[in-house]
Amino acid sequence: MNKQDLSALILDSERLLYATARTILLNDQDCQDAVQETIVKAFTNLRQLKKDRYARTWLVRILINECYDVLRRGQKIISLEASREAQERPSPVPEDYSDLYRAVEDLPEDLRIPVVLYYIDDFSVREIAGMMDISEGAVQKRLARARGKLRVALEGTAGTEALS
Amino acid sequence: MNLHELKNQVPETPKAFSEMVKGEVARQEGTNILELAEKRQAMNSKKQTVTPRRLAWRVAAIVLAALILIPSAVYAGIRLFSKVSVEPEGDYGAKVGLEVEAESSKEVTEEAEAVYELPDPIPLVSAELAFIPEGMEWLKPAHLGDPDHPDHRQIALGGIVYDQGDLEDTLLIRDVVDRKVVTVGDREGVYIRLADSYRGNYWRQRLYVFYPEYYHVLEMFFTDEVTLDEAIQTAEGITWTFTGEETSRDKVWAWSDMIAEQVNRGPEVIPVLEASVIGSTSNIQVFSMGDDASGKYDSYAICVEDVQIYDDISVLDEDYFRDLNFYDLADEDGNLLPADVSFILKGDGINSIDTVVGSKTQSEKLVYVTLKFTNTGDETLDHLLFYGSLYTIEEKDGKYIRYLQPSPDGSSYNFISRSNGLVTDNAQYKMQYFDVAYDGYGDGGNHISYLEPGESAIVHIGWIVDEETLPYLFLSMDPSGAISFDQGPAILFDLRQ
């Protein structure tokens, strides 16, 4: 892959990069910082990409690492508004988002990332496992847990059990 | 609920974000190495503008806090005190409330409450910690933990905005086995300890401290491995600051919202575990030993080649022991030990907590299945995931009904806890053993590294089960661990003995 191909990939993936960064980071400014650093690193380390077909996965993996770096840089001071999310409470989202998107935003981070990567970004379970450094089984389990939580949130029904 | 609709519901990227992406790509694409270095340097210096902005908030906030602390601590020449209170509710409930008191009279107290009336818009706050317990560090925002034991030793910090009217309502916490008022610096806070739920309840300790001058209640969750002293020291070391940013009331989660949610939710309803119908011959395909099951799986087939039931663990290879040490379940000759089985009824958290409604000792058996996976497609399969769950099911008149082990006296229960540490929930045994070596991919290791087209691989999977469930065992190999009806009928393998 050359620089022009990478440019095209990044420009085509703008929405993917934003949606993914928003699953981890709490505000647009931090998302912008993480994506900007991701672009720089992608161009700098382009030679490390062995196969073009993995480029999108590779790019998102860099982004996820950058998002966590942004978090680490800001860890000395915590936002007490944002920290509610850490305890699986609802977090505020703009009113013009759909109920489904709101429900996804309310998922804990470990469930939200695979949901966004799988259902919005169309990555496979195998690709998500590689990006998040977890097993495919763990991805499947998290997706199943997320579906259960979303079903409860959206339909007000009892928790989804394995036998249903 | 169709999750694939999410694609159409992602918010548009902000204009500034789009412009940044286009600008950065253009810069990167058009640079040589020297230019790139300059660009990166320029970008780094640009990034530093973020940090000073945060530092500036900190400095400004400290000044602002100092200005605000004075009138909030003293009103009309009288000192004001704020605290968290706790009252019992039933045997296991605790009502946590917020109080503001003046040192003289109730009238002044009412006026004092007005001092802390939440402004609109709400000023946002941040908290800086001067003390972090030994061995812990920030694992993620608002989460302290021991990186070597992240599943055990953790503290989660939360801030709850308190708004007008909060002082009259209380937050009900269930399953409380210990509650007390504790001193946190110059304030009174409340410590809560929750009961063991027999199913891995993780955050069993809480600490609440009220900071009305910052319009917040600190809610700290911590695990059993964190001491109360460590939690209190952590809370005492918090410096609160206003960030200089504001938000509207409807965008924050407030103390009164938590209370309203409890009221709206109503009393705790505990679903009774029932022998419900899972499906029927119309939506479940059952395969016998030697049958190739395919179609539902992604370009591969699964065949149960053999099923063996053992009284001992000699067939297992210790190189493949993972979360469960099978030696702990057997005597020194490898014979499986009987297990004490407890039938647990969940409590409502107010008048009752999870309790053992029946116990018995049962013989344990090892179910050892030989499975053949065959690549039926045209391409190599990499990292083929597998996960086997055993279900206890009764087949009756074309229907598949969840089989529940009877408790000794017929009492209803919600789940089964076994003395060997295993839990049987929803009539399901989770996969405990498989003889596939970890090849460095993922963290579970439950995948076949690769299968060429037409190639087969043999995997052995094992479960420790209660002997009396042997006549009811069906195997699901759905990677989710569930009996899945997504994309067609569910597939089960009949292992009944």
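The values are calculated or read from the model by the stated rules, or taken from the named source; none is laboratory data. The model shown is predicted, which means the values in this text are computed figures rather than measured ones. Glycine gets a Cβ as well: all are built from the backbone with ideal geometry, and neighbour counts include every protein chain shown.
Give segment B:357-369 a look and list any residue that's among the hydroxyl-bearing types (S, T, Y) and crowded, with 16+ Cβ neighbours inside 10 Å, or say none.
From segment B:357-369, those among the hydroxyl-bearing types (S, T, Y) are B:359, B:361, B:363, B:368; that's our starting set.
Within segment B:357-369, just B:Y368 meets the criteria.
Is it the case that B:Y320 is closer than 25 Å to B:N446 by Cα, surrounded by 14 or more Cβ atoms within 10 Å (Cβ to Cβ) and among the hydroxyl-bearing types (S, T, Y)?
Values: closer than 25 Å to B:N446 by Cα: yes; surrounded by 14 or more Cβ atoms within 10 Å (Cβ to Cβ): yes; among the hydroxyl-bearing types (S, T, Y): yes.
Yes, satisfied.
Residue check: B:A301 meets all listed conditions (1) aliphatic (A, V, I, L, M); (2) under 20 Å from B:K430 (Cβ atoms); (3) modelled with pLDDT of 90 or more but one, namely (2).
Among B:Y438, B:Y391, which is without any contact (Cβ under 8 Å) to a residue 12 or more places away in the chain, at negative phi and under 29 Å from the mean Cα position of the chain (by Cα)? Step through it out loud before you land on a result.
Details: B:Y391 fails: without any contact (Cβ under 8 Å) to a residue 12 or more places away in the chain.
After applying the criteria, what remains is B:Y438.
Tell me yes or no: at least one residue of segment B:444-462 is within 20 Å of B:S342 (Cα to Cα) and in contact (Cβ under 8 Å) with a residue 24 or more places away in the chain.
Step one: filter segment B:444-462 for residues within 20 Å of B:S342 (Cα to Cα), giving none.
Looking for residues that are within 20 Å of B:S342 (Cα to Cα) and in contact (Cβ under 8 Å) with a residue 24 or more places away in the chain, one finds none in segment B:444-462, hence no.
Taken together, the residues in segment A:126-149 that are crowded, with 22+ Cβ neighbours inside 10 Å, within 7 Å of chain B (Cβ to nearest Cβ) and within 17 Å of the chain's Cα centre (by Cα) amount to 4.
The condition of being at pLDDT 85 or above, of a type outside the set (S, T, Y) and either outside any loop (DSSP other than H, G, I, E, B) or in the same structural domain as B:D257 (by TED's automatic domain parsing) (or both) holds for only one of B:P150, B:P133, that being B:P133.
What do you reckon, is B:G454 part of a loop (DSSP other than H, G, I, E, B) and modelled with pLDDT of 90 or more? I'd like the intermediate steps shown before the answer.
Details: part of a loop (DSSP other than H, G, I, E, B): yes; modelled with pLDDT of 90 or more: yes.
The answer is yes for B:G454.
Looking only at segment B:186-203, count how many residues are modelled with pLDDT of 75 or more, under 22 Å from the mean Cα position of the chain (by Cα) and in a loop (DSSP other than H, G, I, E, B). Within segment B:186-203, residues that are modelled with pLDDT of 75 or more, under 22 Å from the mean Cα position of the chain (by Cα) and in a loop (DSSP other than H, G, I, E, B) number 3.
Checked against the criterion of being buried (at least 21 other Cβ atoms within 10 Å of the Cβ), within 13 Å of chain A (Cβ to nearest Cβ), under 23 Å from B:V356 (Cβ atoms) and among the hydrophobic types (A, V, I, L, M, F, W, C), segment B:423-432 has at least one qualifying residue.
Scanning segment A:18-30 for residues that are more than 7 Å from every other protein chain (Cβ to nearest Cβ), in a helix (DSSP H, G or I) and not basic (K, R), we see that the one that is farthest from A:K51 (Cα to Cα) is A:Q29. Taken over segment B:466-479, the criterion of being at pLDDT 95 or above and hydrophobic (A, V, I, L, M, F, W, C) is satisfied by B:L470, B:L473, B:F474, B:L475.
Just to be sure I understand, how many residues within segment A:47-63 are assigned to a helix (DSSP H, G or I), more than 18 Å from B:M20 (Cα to Cα) and touching a helix residue (DSSP H, G or I) at 6+ places or on another chain (Cβ under 6 Å)? Steps first, please.
Step one: of segment A:47-63, the residues assigned to a helix (DSSP H, G or I) are A:47-48, A:52-63.
Keeping just the survivors that are more than 18 Å from B:M20 (Cα to Cα) gives A:47-48, A:52-58, A:61.
Applying the additional criterion that residues be touching a helix residue (DSSP H, G or I) at 6+ places or on another chain (Cβ under 6 Å) yields A:55, A:57, A:61.
Qualifying residue count for the region: 3.
Residues in segment A:5-13: is at least one closer than 15 Å to A:D121 by Cα, outside any helix (DSSP H, G or I), in contact (Cβ under 8 Å) with a residue 40 or more places away in the chain and within 12 Å of another protein chain (Cβ to nearest Cβ)?
Our first condition is that a residue be closer than 15 Å to A:D121 by Cα; within segment A:5-13, this holds for A:9-13.
With outside any helix (DSSP H, G or I) added as a condition, the list becomes A:13.
So of that shortlist, the ones also in contact (Cβ under 8 Å) with a residue 40 or more places away in the chain come out as A:13.
Subset that is within 12 Å of another protein chain (Cβ to nearest Cβ): A:13.
Yes.
Residues that are in contact with a Leu (Cβ under 9 Å, 6 or more places away or on another chain) and either surrounded by fewer than 20 Cβ atoms within 10 Å (Cβ to Cβ) or not assigned by TED's automatic domain parsing to the domain that holds B:Q205 (or both) within segment B:217-239 comprise B:L228, B:G237, B:T239, listed in sequence order. Kindly establish whether B:Y391 is surrounded by 21 or more Cβ atoms within 10 Å (Cβ to Cβ) and not assigned by TED's automatic domain parsing to the domain that holds B:V176. So B:Y391 fits the description; yes.
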